[in-house]
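Notes follow once the structure below has been shown.
The values are calculated or read from the model by the stated rules, or taken from the named source; none is laboratory data. Computed from a prediction, not measured in an experiment: that's the story for all the values here. Positions of Cβ are generated from backbone atoms using ideal geometry, with glycine treated the same way; all protein chains shown enter the neighbour counts.
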Amino acid sequence: MKKIILVGHRKGGVGKSNTAVNLGVAIAKEYYQGHTDRILLVDADPQGTLYRWNQRRMADTEEQEFPCNRLEGNINKQLKREIENYDFIIVDAAGRDSREMRSAMLSADLMLMPTKASHADLELLEHMAETVENARDFNEGLKVAVFINMAPTNTQAERLTAKQLLKEYPEFVLMKTVVADRKAHRDSFHHAYGVHEWKDSKAKSEISCLLKEMLSVV
Ligand SMILES: Nc1ncnc2c1ncn2[C@@H]1O[C@H](COP(=O)(O)OP(=O)(O)O)[C@@H](O)[C@H]1O
Ligand SMILES: [Mg+2]
């Protein structure tokens with residue numbers, strides 16, 4: 001099973017880079033006994049958050065770093081070439097409507113879109129629906145899954161509103177998994193780990209669920 005997963009959204013700060021590293025770590029831990037060599041991380045954001053996380057991982061931790069490339073421009077063909085050498089490619093795109101995001105959508109099997117549950121954030125999905133439709137002219141099989149990230153742990157209300165609103169977008173699969181706002185995400189990322197390597201079993205189990213659900217969709 002070879003899969004190209006794009007983590008993308010036109011908005012910054014929704015948790016794309018965080019999701020990319022946590023999925024990478026989760027795949028390595030759950031399917032490859034911790035080995036990272038079958039999973040390529042692609043940083044397609046000029047800010048280089050993912051790339052630097054991986055460099056810190058190499059320098060500051062005992063964990064295996066990931067194969068990791070920084071790519072820019074029309075990355076579609078490079079992704080198609082690279083997937084020959086890996087089982088998974090996880091692409092982290094910039095938080096805007098970038099050339100890299102649109103190009104990666106042409107080769108991705110799945111685009112995963114984290115969103116916060118606020119009304120303002122959910123409204124942005126309308127623009128994304130259009131972008132997705134355009135990409136599907138060239139990549140019919142592109143699946144797009146939205147999940148709620150950074151949900152408050154103390155209330156269900158926001159989650160329910162979000163689920164209601166997301167029903168308006170048949171272009172997107174809404175993931176059942178909700179990833180809560182947990183300090184473990186910020187702390188583990190800061191130390192160049194994933195939540196699978198941290199001490200918060202709830203954060204870990206949410207990412208585990210997200211991964212399983214993602215693999216059932218793609
Ligand atoms: N589930 C979460 N719980 C807590 N903090 C999170 C979570 N997801 C992301 N963050 C934090 O939110 C900030 C933005 O996340 P990031 O992955 O950099 O967003 P993006 O790549 O979309 O710009 C970071 O400080 C990150 O640690
Ligand atoms: Mg980012």
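Listing for the model above:
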| read-out | value |
| --- | --- |
| Members of the stretch 133-183 that are within 21 Å of residue 16 (Cα to Cα) and basic (Lys, Arg) | 143, 159, 163, 176, 182, 183 |
| Residue in the stretch 127-135 that is in a loop (DSSP other than H, G, I, E, B) and closer than 26 Å to residue 47 by Cα present | no |
| Options 63, 140: the member that is crowded, with 16+ Cβ neighbours inside 10 Å, at pLDDT 95 or above, over 15 Å from residue 8 (Cβ atoms) and among the acidic types (Asp, Glu) | 63 |
| In the stretch 106-116, residue nearest to residue 37 (Cα to Cα) [restricted to those that are over 12 Å from the mean Cα position of the chain (by Cα), away from ligand 2 (no atom under 16 Å from the Cβ) and surrounded by fewer than 22 Cβ atoms within 10 Å (Cβ to Cβ)] | 109 |
| Matching entry among 133, 206 (being under 22 Å from residue 8 (Cβ atoms), free of Cβ contacts under 8 Å to residues at least 60 places away in the same chain and away from ligand 1 (no atom under 16 Å from the Cβ)) | 133 |
| Pair list, Cβ < 9 Å and 6+ apart or interchain, from the stretch 176-195 residues that are free of Cβ contacts under 8 Å to residues at least 60 places away in the same chain to residues that are outside any helix (DSSP H, G or I) and of a type in the set (S, T, N, Q) | 178/149; 180/149; 180/153; 181/149; 181/153; 182/153 |
| Residues (more than 12 Å from ligand 2 (Cβ to nearest atom) and over 8 Å from the mean Cα position of the chain (by Cα)) located in the stretch 1-17 | 1, 2, 3, 4, 10 |
| Subset of the stretch 92-105 that is crowded, with 20+ Cβ neighbours inside 10 Å and farther than 15 Å from residue 12 by Cα - its residue that is farthest from the chain's Cα centre (by Cα) | 103 |
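Condition check ((1) more than 16 Å from residue 149 (Cα to Cα); (2) touching a Lys or Arg at 6+ places or on another chain (Cβ under 7 Å); (3) not hydroxyl-bearing (Ser, Thr, Tyr)) across all residues:
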site	(1), (2), (3)
167	yes, no, yes
190	yes, no, yes
201	yes, no, no
206	no, no, yes
